[in-house]
Amino acid sequence: MDSEKINVLVADDEDSLRMTISAWLGDEGFEVQQVDNGLDAIKIVQSNDFDIALLDIKMPGANGLEVLRYIKKNSSPTEVVMMTGMSDVSMAVEAMKLGAREYLTKPVDMEQLVPQLRSLLKKRDAEERIRQLQAEHTSRLLYDLHNPISGLKQSIGYLLKGMAGSVSDQQKELLGYMTNSIDKVIGLLNGMMDLTKLEGGRVRLNKGISNVADIVTKVTQEFRVPIQSNKITLDVHVEADLPPIEFDQQKIEQVVQNFLSNALKHTPAQGAVVVQVVKVALVLEEGQQPSDFILVSVFNSGTGIPKEEISLIFDRYRNVLSGKSDKKPTGLGLIICQRIIEAHNGKIWVESEPNKGATFFFALPIR
């Protein structure tokens, strides 16, 4: 890797050490920015991309562990190396559990620092290549499964039309059951392919300036008939004069569609679905100042979600049930929604209590 392209953040409140490290790395061709406290470290990460962050564990404002948590959630390609005195080794071990790649004990060995950082980035690049190859392999496998299953559905359709001879009512019922089962498998495969593309970084956001409320209004109109036909009340509340923001209209529309589809699925007859779009100030990470967001929420008056299952809603490996009385899995839709919202630097979450319904939220930043 060309050292001229390596961007490093050095965060340490010890002026002499911070300046020495910065000067040493600068002489080796690294691009270095330095700060003397944790809050400034978080702020600079918000507006800059770094390959490596060298963080002191004990800093004013926000300590190194808090900065580490922010980086791992919001700037995952950044490799974090903690710097600590011998008395803080236990905290360094905790940092490793939180995602730090290495830790250095003070005084830092400058002769070894540059080789360590270059080796670290070589490992990161190799791991990223492995992840890409795994995603490509998974995508090909899913595609190879999708085609024959779609062909099987088409063949069943020919049978139902009598193209291979007459079909009895009992046979039609069985073929219809088979078609429904195949549709579920195809839906799961489509979801897996979408998720693989998102996680592999192969889906690019096609952003434009628009109004989120317009997207929400459009989608709720599409759902109004099926919701009301199920004897469910639909209320939509949109705050006036919401500012336009930059986002991918198609993908945010997909998120709203998923929210409403889940609401329709889990709301009983005579129940209610409430959609809101408002402007709010949120603090997404500790140490940040409140920022303005457009908040979209979809409430349904269904059975709700048990407290122990809320944290699993966005877990791709768990088939979480949305309530104990209706055995309807959420599938991969919400996981895909999470990836979409995170790609917009937003936040997605759910709040619920058993027998009191559930509210799904997503927030998009106003730039």
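Only one of ALA53, ALA62, ALA23 is at pLDDT 90 or above, over 22 Å from the mean Cα position of the chain (by Cα) and either assigned to a loop (DSSP other than H, G, I, E, B) or within 29 Å of GLY346 (Cβ to Cβ) (or both). Can you tell me which?
Testing whether each residue is at pLDDT 90 or above, over 22 Å from the mean Cα position of the chain (by Cα) and either assigned to a loop (DSSP other than H, G, I, E, B) or within 29 Å of GLY346 (Cβ to Cβ) (or both) leaves just ALA53.
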> Can you pull out the residues in region 218-229 that are surrounded by fewer than 16 Cβ atoms within 10 Å (Cβ to Cβ) and in contact with a helix residue (DSSP H, G or I) (Cβ under 9 Å, 6 or more places away or on another chain)?
Replying inline: LYS218, GLU222, PRO226
>> Just to check your reading of the model, which residue among GLU66, GLU79, GLU94, GLU102 is charged (D, E, K, R) and under 14 Å from VAL10 (Cα atoms)?
In response: GLU79
>> So, in region 244-258, exactly how many residues are surrounded by 13 or more Cβ atoms within 10 Å (Cβ to Cβ), in contact (Cβ under 8 Å) with a residue 40 or more places away in the chain and under 18 Å from LYS207 (Cα atoms)?
In response: 10
>> As an exercise: evaluate GLN270 against (1) surrounded by fewer than 16 Cβ atoms within 10 Å (Cβ to Cβ); (2) within 27 Å of PRO244 (Cα to Cα) and give the number of the one condition it does not meet.
In response: (2)
>> Checking the condition over 21 Å from HIS266 (Cβ atoms) and of a type in the set (A, V, I, L, M, F, W, C), which residue from VAL216, VAL225, VAL238 passes?
In response: VAL238
> Out of curiosity, is GLN276 surrounded by 15 or more Cβ atoms within 10 Å (Cβ to Cβ), at pLDDT 85 or above, outside any helix (DSSP H, G or I) and at negative phi?
Replying inline: yes
> Scanning for something modelled with pLDDT under 90, buried (at least 18 other Cβ atoms within 10 Å of the Cβ) and within 31 Å of the chain's Cα centre (by Cα), does region 2-18 turn up at least one residue?
Replying inline: yes
>> Can you go through ILE366, ILE348, ILE305 and tell me which one is modelled with pLDDT under 90 and among the β-branched types (Val, Ile, Thr)?
In response: ILE305
>> Out of the residues in region 231-253 meeting the condition of being among the charged types (D, E, K, R) and not in a strand (DSSP E or B), tell me which one is farthest from ILE209 (Cα to Cα).
In response: LYS231
> Which of the residues that make up region 26-50 are part of a helix (DSSP H, G or I) and either touching a Pro at 6+ places or on another chain (Cβ under 7 Å) or under 19 Å from ASN74 (Cα atoms) (or both)?
Replying inline: GLY38, LEU39, ASP40, ALA41, ILE42, LYS43, ILE44, VAL45, GLN46, SER47
> So which residues in region 102-119 are more than 11 Å from LEU54 (Cβ to Cβ) and of a type outside the set (Asp, Glu)?
Replying inline: THR105, LYS106, PRO107, MET110, GLN112, VAL114, PRO115, ARG118, SER119
> Picking from VAL274, VAL280, VAL236, which residue would you name as being more than 21 Å from ASN355 (Cα to Cα) and either small (Gly, Ala, Ser) or more than 21 Å from the chain's Cα centre (by Cα) (or both)?
Replying inline: VAL236
>> Need pairs with beta-carbon distance below 7 Å; first residue in the same structural domain as ASN7 (by TED's automatic domain parsing) and within region 18-40, second basic (Lys, Arg); sequence gap 6+ or separate chains.
In response: GLN34/ARG18; ASP36/ARG18
>> All but one of (1) more than 24 Å from LYS347 (Cβ to Cβ); (2) out of contact with any Gly (no Cβ under 9 Å at 6 or more places or on another chain); (3) surrounded by fewer than 20 Cβ atoms within 10 Å (Cβ to Cβ) hold for GLN46; state the number of the condition that does not hold.
In response: (1)
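Count, please, the residues in region 230-240 that happen to be touching a strand residue (DSSP E or B) at 6+ places or on another chain (Cβ under 9 Å), loosely packed, with under 15 Cβ neighbours inside 10 Å and within 21 Å of LEU295 (Cα to Cα).
Looking only at that region, the number is 3.
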>> Considering only residues that are in a helix (DSSP H, G or I), modelled with pLDDT under 80 and of a type in the set (Gly, Ala, Ser), which ones fall in region 85-130?
In response: SER87, SER90, ALA92
> Which numbered condition trips up GLU94, out of (1) of a type outside the set (Gly, Ala, Ser); (2) surrounded by 11 or more Cβ atoms within 10 Å (Cβ to Cβ); (3) over 25 Å from THR20 (Cβ atoms); (4) outside the structural domain of TRP24 (by TED's automatic domain parsing)?
Replying inline: (4)
> When LEU188 is evaluated against the numbered criteria (1) modelled with pLDDT of 85 or more; (2) surrounded by 13 or more Cβ atoms within 10 Å (Cβ to Cβ), which criterion, by number, is the only one it fails?
Replying inline: (1)
> Within region 112-125, is there a residue that is in contact with a Ser or Thr (Cβ under 6 Å, 6 or more places away or on another chain) and polar (S, T, N, Q)?
Replying inline: no
> ILE52: closer than 16 Å to SER119 by Cα and either among the aromatic types (Phe, Trp, Tyr) or crowded, with 18+ Cβ neighbours inside 10 Å (or both), yes or no?
Replying inline: yes
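The values are calculated or read from the model by the stated rules, or taken from the named source; none is laboratory data. Worth saying up front: this structure is predicted, and the values here are computed from it rather than measured. Backbone-built Cβ (ideal geometry, glycine too); neighbour counts: all protein chains shown.
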